[in-house]
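Notes follow the structure.
Coordinate-derived values only; no laboratory data. Values in this document were obtained by computation on a predicted structure and should not be read as measured data. FYI the Cβ positions are ideal-geometry reconstructions off the backbone, even for glycines, and counts take in every protein chain you see.
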Amino acid sequence: MTNDGTRPGQSRERWGSRAGFLFAAIGSAIGLGNIWRFPAVAYQNGGGAFLLPYLIALLTAGLPLLILTYTVGRKYRKSPPAAYREMAKPAQFIGWWQVAICFVIATYYAVILAWGVRYIGFSFGEQWGDDPEAFLFGDFLQASETPGEIGGYVGGVFWPLLAIWVVVLIILALGVRRGIEKANLFFIPSLVAFFLVLVIRALTLDGAGTGLDALFSPDWSALGQGSVWIAAYGQIFFSLSVGFGIMVTYASYLGRRSDLSGSALVAGFANSSFEILAGIGVFATLGFMAHTEGVPVDEVAADGLGLAFVAFPTVISSMPAGWLFGLLFFLSLVIAGFTSLVSIVQVIVASVQDRTGMKRVPAVIVVGGLTAVVSIALFASDSGVHFLDAADHFINQYGIAMAALVFVVVVAWLLRRLPDLQAHANETSAVRLGQWWLVCLGIITPLVLGWMMVDSLRAEFEENYEGYSTDFLVTYGWGVAGGALVVGILISLIPWRSDGTSLSGGPGAPGDGATTDSRKGRR
Amino acid sequence: MSTSAVIMMAIAILIVWGGLVAALLKLRGHPDEPDDEEPTGTVA
């Protein structure tokens, strides 16, 4: 065996153990959204009653999609573009589209981790003072008045961002088994341990019960609203990281006899378990905040950046030994995001490797390095927070969700590959896939994703997102999301060597669609 | 906390964490078969 997890004659890296794959898959699924998005979404959409649409969404779309992506990855044993290309040559554009989406997300996701790293330090001494919001946008980020104009770089963001990228690239350079797997085997148990301590502390705070009451009191009338069901499917969908090729990539390092459906159930339920835990921790804390300020919970409920970098600092300042709470919270946030970032960048690196035949370390340096440079150039600037806001919203709605919709429709309806993939998964899986799997993916998932898209587009044209100017949104929102699709299509048009035109070396190079490995993997 | 909130929290925990435990047990009962490329230690 070579030191990168491959054997002589074996062209693809492999996970060292089933646990290694599971931890990596869970590490990818559990990200910032579990901590700062789920609690607020549940609270705003029926509280305890949200559980019903949430579970239905998990069972009818989340898990079936997860199983589908695992199956595609394991069957073709290639990164998304090459795997989809084996299904049908033109379908590779979806893969490159997903790679472009991963590129965009990686560039801004990393900067949030850099902020988290700084806030671990700020927790000691509560350096945000009396006004955490003014501190965040003013003292710390030095956010420019005009979105889109870069007036300079912020050293306090630049250096931690650089450090994050160096660590990510080192882990990727070490490979699937020695890098990604080992990192997740260490980080995920650490994350759970830190977060459990945080939740226990939160539950002992005055007002914790009020916060939990706000989160879990059921509003059954919410179930009659379509928007609540869209929110449930949206949360499951974004939380599981199913739309941008990560799980296809990770599953491509599985052995041919590995379980698929059972692993997907474990990863899916682990992701939701962490979300429930995060909901309890976040709302117990918000209950304490409401109690301290003498206001109802709905006045302090927040999500996203506002929750992490404004509400939590406020809470930390008002509790005894707040530094410890801050340390646990921001450390958890950074770890949760970090393991997801690693998986996102791996999609890009693996896709370029499969396409060009580059070895891992040069691919990590060139591709990962380029991603890091763009990330630092844009997001360490004083306009970084504005870029982030627009890019995140549009790439999620019109990148991830739309790519997933196109992928499901192509696989289920145009190529009609679901029965084939179902048989492939059933050969080795703990849980047999029946007709329900075909119905969920062929009918329910496309309908729900399509409905989400229409609903989201309608809101987009009613008013400008977050009140940004149309010019700014066209460039950094629509432009980024549309750009990812265009880049995906353009890359897919470059002829492959097996088409008669060469980009890379001799026969059998990874990605030519005709390697020994792919033939063996095809069932 | 109100009774309905406590009940919903308990149900959420039972279903989701219970689902995780059930999935783990199911997976444990179905170890991967070795294949010709299997590195040592792959079977859980």
For chain A, the longest site-free run once GluC sites (Glu not before Pro) in DSSP loop states with at most 14 other Cβ atoms within 10 Å are removed: A:150-426
Shape of the protein assembly as shown, Cα gyration tensor, a/c cut at 1.5: prolate
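For each of A:LYS359, A:LYS78, A:LYS89, count neighbouring Cβ atoms within 10 Å of the residue's Cβ, then give the residues from fewest to most.
Lowest count first: A:LYS359, A:LYS89, A:LYS78.
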Cα gyration tensor shape of the stretch A:169-273, rounded if a/c is under 1.5, else prolate or oblate by comparing a/b with b/c: oblate
Whole-angstrom gap from the stretch A:139-184 to the stretch A:329-360, using each part's C-alpha centre: 13 Å
Nearby lysines by direct alpha-carbon distance to A:LYS359 (threshold 16 angstrom, same-chain neighbours under 8 apart not counted): A:LYS78
Calculated [θ] (222 nm, deg cm²/dmol) that DSSP helices of n ≥ 4 give over chain A, each run adding -39,500 (n - 2.57): -19500 deg cm²/dmol
Ranking of A:SER227, A:SER11, A:SER252 by count of other Cβ atoms within 10 Å, fewest first: A:SER227, A:SER11, A:SER252
Shielding by other protein chains, B:13-26, mean Cβ within 10 Å: 6
Span-rule helices in chain A, defined as complete DSSP H runs reaching 24 Å or more along the axis (Cα) with Kyte mean at least 0.0: A:92-123, A:155-175, A:182-203, A:261-293, A:322-356, A:445-462
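For A:ARG432 and A:ASP298 in one chain, what is 0.36 nm times their gap in residues minus the Cα-Cα distance, to one decimal in nm?
Separation in residues times 0.36 nm, less the Cα-Cα distance, equals 43.8 nm.
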Exposure proxy order (Cβ contacts within 10 Å, fewest to most) of A:SER318, A:SER123, A:SER272: A:SER318, A:SER123, A:SER272
